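Asker: What follows is a single structure, and I will ask about it in a moment.
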Amino acid sequence: MSDFLLGSIMLSIGFISIAIILWGLIIAAGVFLVIGFVRKSSKALMYSGLAFIIPGIILFTQGGSFRLLLLYPLIAIIFAFVLKRKS
């Protein structure tokens, strides 16, 4: 009944909002990665790894080489700890 009252356009709103959130996390992870490398900031690298965990898990469920994208947050977080320990 709710599909009839809301129409089919409201059903795609949930999909669009999830896509915007995931792409926002991917873009934020990229920006934090660049800032982390330029300024040698361990906090920015940590935020980059944390921002990419959810998109990394979702992309890991796809087949093929998408499974390697789960390594990105791990590498970023490990590199942040190494950079923090050096300074």
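The values are calculated or read from the model by the stated rules, or taken from the named source; none is laboratory data. In this text, all values refer to a predicted model and were calculated from it rather than measured experimentally. Note that we place each Cβ from the backbone using ideal geometry, even for glycine, and neighbour counts take in every protein chain shown.
Asker: Within the set of pairs 6 or more residues apart or between chains, which connect a residue that is farther than 15 Å from L69 by Cβ inside the range 26-39 to a residue that is hydrophobic (A, V, I, L, M, F, W, C) with Cβ atoms less than 6 Å apart?
Answerer: Taking only residues 6 or more apart or on different chains, the pairs are A28/A51; F32/A44; I35/A44; G36/A44; G36/L45.
Asker: Let me ask something else about it. I58 is checked against (1) touching a residue at least 12 places away in the same chain (Cβ under 8 Å); (2) surrounded by fewer than 13 Cβ atoms within 10 Å (Cβ to Cβ); (3) closer than 25 Å to I20 by Cβ and fails just one. What number does that condition carry?
Answerer: Result: I58 fails condition (2) only.
Asker: Spot the failing condition for A51; the list is (1) buried (at least 17 other Cβ atoms within 10 Å of the Cβ); (2) over 10 Å from the mean Cα position of the chain (by Cα); (3) under 24 Å from I18 (Cα atoms), and only one is missed.
Answerer: Condition (2) is where A51 drops out.
Asker: Follow-up. What number goes with the only condition from (1) touching a Gly at 6+ places or on another chain (Cβ under 9 Å); (2) at pLDDT below 95 that G64 does not pass?
Answerer: (1)
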